[in-house]
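Only one structure is covered here, and it is reproduced in the block below.
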Amino acid sequence: MFNHQSLNPAYAGSKEYTHFAILHRTQWLNFPGAPESQAFTFNHKISSKNFGFGLTGVNDKIGPLNGNRIAIDLAYHLPLNDAFLAVGIKVGISNFDFDESLIQTTEPNDLAFTFDEEGKFIPNVGFGMYYHNSRWYAGFSIPWFIEKENLKLQRHYYGIFGGLFSLSNQIKAKPSGLIKHTQGSALSYDLSMLLLFRELFWIGPQIRSSISDAPSSTSFGGGLGILGGIYLNKNISLGYAFNTSSLGEFVSIHHSTHEILLRFDLIPAVKTMLRSPRIF
């Protein structure tokens, strides 16, 4: 919810200022081979042309496999009264490394555990739409179109939505959601409700589950979490997320997940008031 650009290239240029963010996620703490991710995003808007561009980078490690992706995001924001409808494309490359020394097989040189894609650069493209104004947003995207069976790369579909509403002069509410689907997996969702106090800090709960499970279910990676963050100054904010989840329907082990986000909003000094909120 604070990193829309990784999923949706149409987000690039949706703000009136230059935006940069870095993120680190450690999943299933103290579980050997558990996933670990880092990501960065950068985007800038050319206001005179309603055009946005940016960069996205993601590093994912799970067990012996390490994947890296980098992409250029381009978007055009069509004005619609007090809102914008953006259409974006993502063009990038991926490569993968496989540490065979971490795999111990009962038969030496087992061909099922060989990896012949190491070091290769794999091109890909993606697409997104993003409707936004100063109060709410909604989007749909397919970050990567091209599938690759031997690497288990499948096409993913994402829908995002959210808003920002004043509860009082000091408190605002930000509900948000994400719906995601890929072939072979249940349709799943993330829901959260953040409270923003005096535009200084925010906190709120999160639910992650699938359509076929109850909201409190921890099957297939679902779970409950809490999000929080603080504005260190006008340009820098720091966020943290904690989540507890199961490793699967047939595994009764629960591990915690931690995520840290650092955002830099390079706001021009001439802008005394922002029409686009920094909370999304």
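The values are calculated or read from the model by the stated rules, or taken from the named source; none is laboratory data. None of these values were measured; they are calculated from a predicted model. Cβ coordinates were reconstructed from backbone atoms using ideal geometry, including for glycine residues, and neighbour counts include every protein chain displayed.
Values computed for the structure shown
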quantity	calculated
Boolean, Leu196 is touching an Asp or Glu at 6+ places or on another chain (Cβ under 6 Å) and surrounded by 16 or more Cβ atoms within 10 Å (Cβ to Cβ)	no
Scope the range 253-278; condition at pLDDT 75 or above and within 27 Å of Pro175 (Cβ to Cβ); matching residues	Ser256, Thr257, His258, Glu259, Ile260, Leu261, Leu262, Arg263, Phe264, Asp265, Ile267
Considering residues of the range 28-49 that are modelled with pLDDT under 90 and in contact with a strand residue (DSSP E or B) (Cβ under 6 Å, 6 or more places away or on another chain) only, the residue farthest from His132 (Cα to Cα)	Phe31
Matching residues, the range 47-64, being surrounded by fewer than 17 Cβ atoms within 10 Å (Cβ to Cβ), in contact (Cβ under 8 Å) with a residue 24 or more places away in the chain and assigned to a strand (DSSP E or B)	Phe51, Ile62
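To keep it simple, each residue is scored yes or no on (1) assigned to a loop (DSSP other than H, G, I, E, B); (2) over 19 Å from the mean Cα position of the chain (by Cα); (3) surrounded by 13 or more Cβ atoms within 10 Å (Cβ to Cβ).
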{"residue": "Gly92", "(1), (2), (3)": "no, no, yes"}
{"residue": "Glu107", "(1), (2), (3)": "yes, yes, no"}
{"residue": "Ala112", "(1), (2), (3)": "no, yes, no"}
{"residue": "Asp116", "(1), (2), (3)": "yes, yes, no"}
{"residue": "Val125", "(1), (2), (3)": "no, no, yes"}
{"residue": "Tyr130", "(1), (2), (3)": "no, no, yes"}
{"residue": "Gly139", "(1), (2), (3)": "no, no, yes"}
{"residue": "Trp144", "(1), (2), (3)": "yes, no, yes"}
